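The next block holds one structure in the form of structure tokens; read it before the comments.
The values are calculated or read from the model by the stated rules, or taken from the named source; none is laboratory data. The shown structure was predicted, so the numbers you read here are calculated from the model rather than taken from an experiment. For neighbour counting, all protein chains shown are included, and Cβ atoms are generated from backbone atoms with ideal geometry for every residue, glycine included.
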Amino acid sequence: MYWGTVESVTSEFGVRMLPEVCMRTTLTFGIAQFGWFLRTPDEHSASIWSRPSFDSFGIIDLSERPRVLKHQVVRSRLEELLEDLVEVDPFPAECELAESFSVSRETIRQALRELLLDGRIERRRRMTVVAGPKILQPLSIDSYTEAARERGMEAGRFLVGWTHMTADAWLAERLALSVGDPVLQLERVFTTAGVRIGLDTTRLPAHRYPDLEPDFEVSSSLYAEFARRGINFGRTEDTIETALPDAREAALLHVDARTPMFVLKRQSYDEHGVLIEFRRSLYRGDRMAFTQTMYPD
């Protein structure tokens, strides 16, 4: 991973690089986890783990090169093991791996945590299995299910519940309502190939969607329902953040409460600038990545 500015980028090895001029750039946003803040006491004291030498390149001062930590060495070995496994194959347990590599279980946990965040493995209830490729979700107005099906993936939704509420000051501001106005909330879980991927909470100004609850088929696209009612999108304002799920969200998505999540917050407006919805979508960071193609002005 590289950090830098528009003028230059500095790599983790200390190399200064200039950006290339591109006609088109595609960015993919994923959740990464760094090992340096996850060291165990043993790893802090170990001094024999070091990066491969880059002497031949003449690009760094070898006295300043960072060390390779034990869990990174273990992770490399686990990645070799993954090459011989296929999707949904069971992955060895922590205790078995710790004994095999003669390291602590905490070292194994750190290696597994990084593989989990990279989407190489996933937890299913009480077991760990080999994961399939991460789902690349384009940043667009289309719904998640529509985008997934366009890519040939099996996608679905199931209802968590409808809630009738009144707008407090916070929600009234986001839905362009007055405090106390009626609000309709729809909460659903998104699935891909039977795996729970996201939790979607949509809040709607109730006056704009009469009889939505009895008329709407909850396994279908809400955006298609908007179009059926003559409501067309003019623009959306999206914000993407990262977070950890609370206990309820983790239970609904069948994940550990330490699983990192993407949080997409969206306010949608029609072609007249009237607000359509306020939506909060929680996506699993171990199974999802967002991609965006950009062109110069």
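So, in region 92-136, how many residues would count as being at negative phi and within 22 Å of the chain's Cα centre (by Cα)?
So in region 92-136, the residues at negative phi come out as 92-101, 103-118, 120-124, 126-136.
Going one step further and asking which of them are within 22 Å of the chain's Cα centre (by Cα), we end up with 109-118, 120-124, 126-136.
Number of matching residues: 26.
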- Item | In region 264-277, the residues that are under 15 Å from residue 188 (Cβ atoms) and touching a Leu at 6+ places or on another chain (Cβ under 6 Å) | 277
- Message: Looking at 204, 222, can you tell me which residue is at pLDDT 95 or above, more than 19 Å from residue 119 (Cα to Cα) and surrounded by 13 or more Cβ atoms within 10 Å (Cβ to Cβ)?
- Response: 204
- Message: For region 149-161, which positions are in a strand (DSSP E or B) and surrounded by 14 or more Cβ atoms within 10 Å (Cβ to Cβ)?
- Response: 155, 156, 157, 160
- Note on the structure: Of the listed residues (165, 127), the one being under 30 Å from residue 91 (Cβ atoms), surrounded by fewer than 17 Cβ atoms within 10 Å (Cβ to Cβ) and in contact with a strand residue (DSSP E or B) (Cβ under 7 Å, 6 or more places away or on another chain) is 127
- Does residue 145 qualify as being modelled with pLDDT of 90 or more and either more than 17 Å from residue 287 (Cα to Cα) or surrounded by 20 or more Cβ atoms within 10 Å (Cβ to Cβ) (or both)? no
- Message: Take residue 114 and tell me if it is in a helix (DSSP H, G or I), among the acidic types (Asp, Glu) and surrounded by 18 or more Cβ atoms within 10 Å (Cβ to Cβ).
- Response: yes
- Message: So, residue 157, is that one in contact (Cβ under 8 Å) with a residue 60 or more places away in the chain and within 23 Å of residue 270 (Cα to Cα) or not?
- Response: no
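So that you can scan it fast, the table gives a plain yes or no per residue for (1) at pLDDT 80 or above; (2) of a type in the set (Lys, Arg); (3) touching a Gly at 6+ places or on another chain (Cβ under 8 Å):
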{"position": "104", "(1), (2), (3)": "yes, no, no"}
{"position": "117", "(1), (2), (3)": "no, no, yes"}
{"position": "150", "(1), (2), (3)": "no, no, no"}
{"position": "161", "(1), (2), (3)": "yes, no, no"}
{"position": "165", "(1), (2), (3)": "yes, no, no"}
- Is it true that residue 107 is polar (S, T, N, Q) and touching a His at 6+ places or on another chain (Cβ under 8 Å)? yes
- Message: Can you tell me which condition residue 257 does not meet? The list is (1) over 20 Å from residue 140 (Cβ atoms); (2) in contact with a strand residue (DSSP E or B) (Cβ under 9 Å, 6 or more places away or on another chain); (3) at pLDDT below 95, and all the others hold.
- Response: (2)
- Query: Within region 251-263, which residues are touching a Leu at 6+ places or on another chain (Cβ under 8 Å) and buried (at least 21 other Cβ atoms within 10 Å of the Cβ)?
  - Reply: 253, 259, 261, 262
- Item | Flag for residue 78 being closer than 21 Å to residue 131 by Cα, of a type in the set (A, V, I, L, M) and buried (at least 16 other Cβ atoms within 10 Å of the Cβ) | yes
